[in-house]
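Comments concern the structure below.
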Amino acid sequence: MKETIKGLTDFIKESPTAYHAVSVMSKRLLEEGFTELKEDRKWELEKGGNYFVTRSGSSIISFKIPADDYNGFYMIASHSDSPSFKIKENPEIESASAYVILNVEKYGGMLCAPWFDRPLSIAGRVMVKAKEGDAIGVSSRLVNVDRDLVMLPSLAIHMDREANDGHKYNAQKDMLPIFGDADSKDKFMKLIAEEAGVEEGDIVSHDLFLYNRVEPSVWGADEEYVSSGRLDDLECCYGSFEGFINASNKKNVIMHVVFDNEEVGSTTRQGAASTFLKDTLLRINDFFGKNREDYLVSIANSFMVSADNAHAVHPNNVEKADPVNRPQMNKGIVIKYNANQKYTTDAVSGAICKMICDKAKVPYQTFTNRSDVAGGSTLGNISGTQVAVRTVDIGMAQLAMHSPYETAGVKDVQYLIDFSKTFFEADIKA
C-alpha cells in the first residue's frame, strides 16, 4: 500500500498542470515500449502493437491492439485538469506602490478560501517562436517554477471583523497573489523565460496556472488517509493507468483515455466533447480494413468506464449526503447514479461494473445526491455525444473536492488499480 501511495503522490507532484500530467504519462509509455503517434501524420500501426497519441499537450489516449481481430473497445476515461487560477496576459499589476501582484482568473469551480496563506507557485506551458524560415509556427515548452513563489494573503481579522461569518470572494479583487515587492516589476516573464530555457522575446503566449505547493501527506490514526492537491482527478488517472499498463486483452482494443477541460465543460478541442476519441477509434478501425458497418458493430460491443472522483460522506455535514447512499473512503469503487443522467450509469452498466468489482475482489459502494440537491456532472455523458458506448460512472470517495488540498483513502488507490486491470481483461456481454 505504501508503494502504491508513493506512486500516486509522486505522479501528482510531477503533474502541477494537465500538460505535465500528460508529459509524465507519455514518458512512462515510452519506457514501457509504446509508440507515439502524431495526429498530423499517417499512422503506421501493427497488430499486437501498443500506441499513444496526445492532443494539445493536455489530453492523451493510449491503446493496445490485439494480435488478431477485435470485437470492441474497452475504455477508462478520466481528466487531467483541476480547478485553479490561470495567469492572464500582461499579468503584472502594481499595488499600493509596494507590491507587484498577478492578474489571474478562475479556472473551474473551486473552493476559494483554502488558497489563502499557503505557498503557491506557477506551472504550465509557454509557446515559443519556431525559427524555421518564413513559416509561422510555435513550439511548446513546459514550465514549472519549482519553488515557493507567490502567496494569497488573507485580510487580517482586525480589518474584517465578520470574516468568520462567511465571505463572498471577488476573483478580481480578493484572489490576486503577491509576486514580489515594487522592485519585482517586469520580472515575471523574465522568470518564466528563464525556467523555460528561452529568451523572453521568443515567448509568444502562455497557459500558466497557480498550484498548491503543500506536500502530499498520509495521516490518520492508522495512516488511512492521503491528502494532496489535484486528487480530483489525478487519482483516477493514476489508478486506471497502472491497471492499463499491466493488462492485456486478446479480443478487444483496450484504451486509457485522459481528457482535458472537464472542469470547464469539456467543450474544447481536447475535451470529452471533442472528436479526439472518435478520431482515434476511426483510425484504428481503418487500420483493420473495416468499413462503417463494422465500426458501428464494434461500438455496440464496446464499454467505457468514466472515472472521476466522488463525494465521501462528510463527518461534520452528514445531512448533506443522501440518507442511504453515503460513500466512505477506503471502502472501494463508488458507482455513481443520477436520474437525470448527469452520470451515465444505468441498470445494465451498473450491474456490469459490480460484477467486475466482484471478479477483481474489490469492494464497491454507491453514490447519489440528495434529491433536493443538484449535483455535478462529469465526462461520461459528454463523451457519449461523440462515441455512444455503454458507460458507467465511477470514482473514488474523497473529501474537500475542488479544494487545492483534498483527502482520499489510501486503500482505494489499489482498489482502482485492481478494478481497472480486471476490467481491461474482461469479456463483457450485455
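Extension gain for the segment Glu89 to Arg118, taken as residue separation times 0.36 nm less the Cα-Cα distance, is 8.0 nm to one decimal. Packing order of peptides 195-204, 40-49, highest average first: 195-204, 40-49 (average count of other Cβ atoms within 10 Å over each peptide's residues).
Between Glu36 and Asp183, what's the calculated FRET efficiency when r is the beta-carbon distance and R0 is 56 Å? Round to 0.05. Provide the component values of the computation, followed by the final result.
Working: r = 44 Å, r/R0 = 0.79.
E between Glu36 and Asp183, to the nearest 0.05, is 0.80.
Each peptide in 135-144, 301-310, 207-216 was scored by the mean count of other Cβ atoms within 10 Å over its residues; highest first, the order is 301-310, 207-216, 135-144. The value of relative contact order for the chain, using C-alpha pairs under 8 Å at least six residues apart, is 22 percent. Take 245-257, 336-348, 416-428 and order them by the average number of nearby Cβ atoms within 10 Å per residue, most first; the result is 416-428, 245-257, 336-348. So what's the angle, to the nearest 10 degrees on a 0 to 90 scale, between helix 231-245 and the longest Cα principal axis of the chain? Tilt of helix 231-245: around 40 degrees. In nm, give the distance between the simple-model label positions of Ala388 and Asp160, each being 7 Å from the Cα along the Cα-to-Cβ direction. Between Ala388 and Asp160, the label points sit 4.9 nm apart. A Förster radius of 30 Å combined with the Cβ-Cβ distance from Glu215 to Lys190 puts the calculated FRET efficiency at roughly 0.60. Distance between the 7 Å Cα→Cβ label points at Asp69 and Ala430: 2.3 nm. Highest GNM mean-square fluctuation among Ile157, Ile178, Ile61, for the chain modelled with Cα contacts below 10 Å: Ile157. Each label was represented as a point 7 Å from its Cα along the Cα-to-Cβ direction; for Ser371 and Ala300 these points are 3.7 nm apart. When the Gaussian network model of the chain links Cα atoms closer than 10 Å, the mean-square fluctuations of His158, His314, His402 top out at His158. Pairs exceeding 23 Å between alpha-carbon atoms, taken from Lys47/Lys421; Lys6/Lys411; Lys27/Lys251; Lys42/Lys429: Lys27/Lys251; Lys42/Lys429. Taking a ≥ b ≥ c as the square roots of the eigenvalues of the Cα gyration tensor of the stretch 284-418, is the shape rounded (a/c under 1.5), prolate (a/b larger than b/c) or oblate? Cα axes put the stretch 284-418 in the prolate bin. Computed over every Cα-Cα pair of the stretch 72-228 and binned at 10 Å starting from 0, the pair-distance distribution P(r) comes out as 9, 31, 31, 19, 8, 2, 0 percent.
Dipole magnitude for the chain: about 1080 debye, using +1 per Lys or Arg Cβ and -1 per Asp or Glu Cβ, origin at the Cα centre. DSSP bridge analysis restricted to the stretch 1-118 gives an antiparallel fraction near 80%, rounded to the nearest 5. Looking at the chain alone, DSSP beta bridges between its own residues are antiparallel in about 70 percent of cases. Pick from Pro91, Pro327, Pro315: which is most flexible by mean-square fluctuation in a GNM of the chain where alpha carbon atoms under 10 Å apart are linked? In this elastic network of the chain, the residue with the biggest mean-square fluctuation among Pro91, Pro327, Pro315 is Pro315.
Annotation: extensible slack from Asp148 through Glu319 equals 57.7 nm (criterion: 0.36 nm per residue apart, minus Cα-Cα distance). Per residue, the Cα convex hull of the chain amounts to 156 Å³.
If I stretch the segment between Glu46 and Ile136 completely, what's the gain in nm (0.36 nm per residue apart, minus their alpha carbon distance), one decimal?
Here the answer is 29.0 nm.
All of the numbers you see were taken from the coordinates with simple rules; none came from a lab. Bear in mind the structure is a predicted one, so any value in this text is a computation, not a measurement. Note: ideal-geometry Cβ built from the backbone for every residue, glycine included; neighbour counts use all protein chains shown.
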